[in-house]
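Okay, structure first, notes after.
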Amino acid sequence: MLHGWFTIVAQAVNFLILVWLLKRFLYKPILHAIDEREKGIAARLAAAEAKAAEAQKERDDFQHKNEAFDQERAALAKQATDEAHAERQRLLDAARKDADGLRAKRQDALRNEQRNLSQEIIRRTQKEVFAITRKTLADLATTSLEERMAEVFVDRLRALTGAAKEPLAAALTISVQPARVRTAFDLPAAQRTAIESAIKETFAVDTSIQFETTPELVSGIELSSNGLKVAWTIADYLATLEKSAGELLHVDAKADSPPDAKLAPVATSEAKPALEAVSSAPKGTA
Amino acid sequence: MHLSPDELVIWRYGFVVLNSTIVTTWALMLVMTVGAMLVTRKLLTEGPISRWQGFLEIVVTTIQEQIKEVGLHQPEKYLSFIGTLFLFIAVSNLCTILPWYEAPTGSLSTTAALALCVFVAVPYFGIAEQGLGGYLRSYLKPTFIMLPFNIISELSRTLALAIRLFGNMMSGTMIIAILLTITPLVFPIIMNLLGLLTGMVQAYIFSILATVYIAAATRTRED
């Protein structure tokens, strides 16, 4: 029986030793490994969650940036469009202004040209008229143009009456300087005498007369004294001619042809030499 | 022909006897410890683990689950004791397929020793959990009249534990031995297989009963 008890105690001790051994070499390491693995899994899960959160955050950031970028881009595009519109408007305005300037310049040039042309026409017409008249008169009446002009001037002087005559008479009376007779040509002595006597008789004054030759004078003969003057002029002829030439030029310009210096004097029946008193601004001495 | 491996004495000095039961137990202890050391020497905490580690993890976690299911909420405290009970009985029973092997659990000395361990462990865990007063008061439940019956129950269930395991294991060995003398080879093999099953069931029953007793002793008053 003692041996039986010994075996029981020995087996109990064996069992307790086995408990300790297995606790030391089996349960603890296995449980520890399981815990470690679970901790690792938990850590990895947490890391994955953190990464997901971070990715979400980055995605949100990116989206925000994208939106901001889109807005900025839209604003820039709008600004650029506005600026382009403004620049276009400015360029158009500048071009319009330049065009206006050019047109004005061209119009000025055209006007100058017309003026020059009409002056040239007048000059040449005068020359031609005198030449024709001179020749015609010489051919028909054996009279020089100068003689005839002087005669006409004298006739007109003598024919002056009333309102046309009195101011001039007064001017001739009060003037201390000699009255001036200007002609476009040299007057022969006979005509000078005739004009002098006509003045003296017509205005009943005894004044000295000074004769001058002025080739540029359009009117044939001109008497001036103390700011007043009387002239026999072919200005009307010329005016009519100028008008006709102007119409012709206008038509030419309309037909887009370059302005032609062609002279086509057209005299009308109404155009006739007139002796008229022209009042110029009194400037003390003429 | 002997009923118990206790009868096979290997060495004797005075009252110290080294019989087959003790020696076989030592061998089993050695195998289990060395096996556990070999497997747990290189445990992996991440990545694919070795098959043996997986097997041992399954065993340990299953035992833990069983302890928890019985009602012990901190299975780590009881795992060493109950787990070793189960593993020792299971291994010693499974080894009956080896020739010339005699299970130590087929010896009444071993089963009595294990039952004694449970008999001591129950008040040990009970006092550890509830304190001495609390544990002793559990003998007076539901009334003090029940005290003798509780004490008798304590002793008888220990005896029952020892006898049940011994009877089952011894009978298995005996049946195979008897059948070998009267029947052809095939039938004892079937009985041997049945013996393996019985051994596993007994290991389970023994450890579960121990767990139930410990759980009853550690159950707090409000339960």
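The values are calculated or read from the model by the stated rules, or taken from the named source; none is laboratory data. This is a predicted model, so every value here is computed, not measured. Backbone-built Cβ (ideal geometry, glycine too); neighbour counts: all protein chains shown. Just so you know, the surface numbers come from the protein's heavy atoms only, side chains and all, with ligands and any DNA or RNA stripped out. Shrake-Rupley method; radii C 1.70, N 1.55, O 1.52, S 1.80 Å.
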Which entries of A:K51/B:K77; B:K42/B:K68; A:K28/B:K141; A:K105/A:K243 have Cα-Cα distances beyond 31 Å here? A:K51/B:K77; A:K28/B:K141
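For the interface of chains A and B, what total accessible area is buried with a 1.4 Å probe, rounded to the nearest 100 Å²?
Summed over both sides, the interface buries about 3200 Å².
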Give me the accessible area per residue for region B:88-223, probe 1.4 Å, as a whole number in Å². 53 Å²
Can you compute the charge dipole magnitude of the protein assembly as shown about its Cα centre, using +1 on each Lys and Arg Cβ and -1 on each Asp and Glu Cβ, nothing else charged? Give it in debye, rounded to the nearest 20. 1820 debye
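Please say if region B:76-131 is rounded, prolate or oblate, where rounded means a/c under 1.5 for a ≥ b ≥ c the square roots of the C-alpha gyration tensor eigenvalues, and otherwise the choice is prolate for a/b larger than b/c and oblate otherwise? Please list the in-between numbers first.
Working: a/c = 7.03, a/b = 2.19, b/c = 3.21.
Here region B:76-131 falls in the oblate category.
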Estimated translational D of region A:58-216 in µm²/s (Stokes, Kirkwood radius over Cα pairs; 10 °C; 1.306 mPa s): 68 µm²/s
Along the principal axes of its C-alpha atoms, what lengths does region A:1-49 span, in descending order and rounded to whole Å? 68, 11, 6
The set of residues whose placed amide H lies less than 5 Å from the amide H of A:A179, leaving out same-chain residues fewer than 5 positions away, is A:S208, A:Q210
For region B:178-223, what is one quarter of the convex hull surface built on the Cα atoms, given in nm²? 4.0 nm²
Which angle from 0 to 90°, rounded to the nearest 10, does the C-alpha axis of helix B:147-182 make with the longest principal axis of chain B? 10 degrees
Using only Cα atoms, tell me the angle between helix B:75-94 and the longest principal axis of chain B; keep it within 0 to 90° and round to the nearest 10. 20 degrees
Accessible area (Å², per residue) of region A:151-204, counting only protein heavy atoms and a probe of 1.4 Å: 51 Å²
With every protein chain kept in place and a 1.4 Å probe, region B:1-55 has an accessible area per residue in Å² of 66 Å²
For region B:150-165 versus region A:46-93, the gap between their alpha-carbon centres in whole angstrom: 84 Å
Give me the percent of accessible area attributable to carbon and sulfur for region A:1-49, probe 1.4 angstrom. 71 percent
Summarise the accessible area of region B:5-218 (1.4 Å probe, protein heavy atoms) by the percent that is carbon and sulfur. 75 percent
Give the angle, between 0 and 90 degrees and rounded to the nearest 10, that separates the Cα long axis of helix B:108-137 from the longest principal axis of the Cα atoms of chain B. 10 degrees
How large is the Rg to Rh ratio of region B:5-218 when both quantities use alpha carbon positions and Rh follows Kirkwood? 1.02
Please report the Cα spread of the protein assembly as shown along all three principal axes, rounded to whole Å, starting with the longest. 202, 59, 36
Beta bridge orientation in the protein assembly as shown: antiparallel %, DSSP, nearest 5: 80 percent
Which length gain, in nm to one decimal place, applies between B:N150 and B:M174 when the Cα-Cα distance is subtracted from 0.36 nm times their residue separation? 5.1 nm
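Can you tell me what percent of all Cα-Cα pairs in region A:110-171 are more than 16 Å apart?
For region A:110-171, the share of Cα pairs beyond 16 Å comes to 65 percent.
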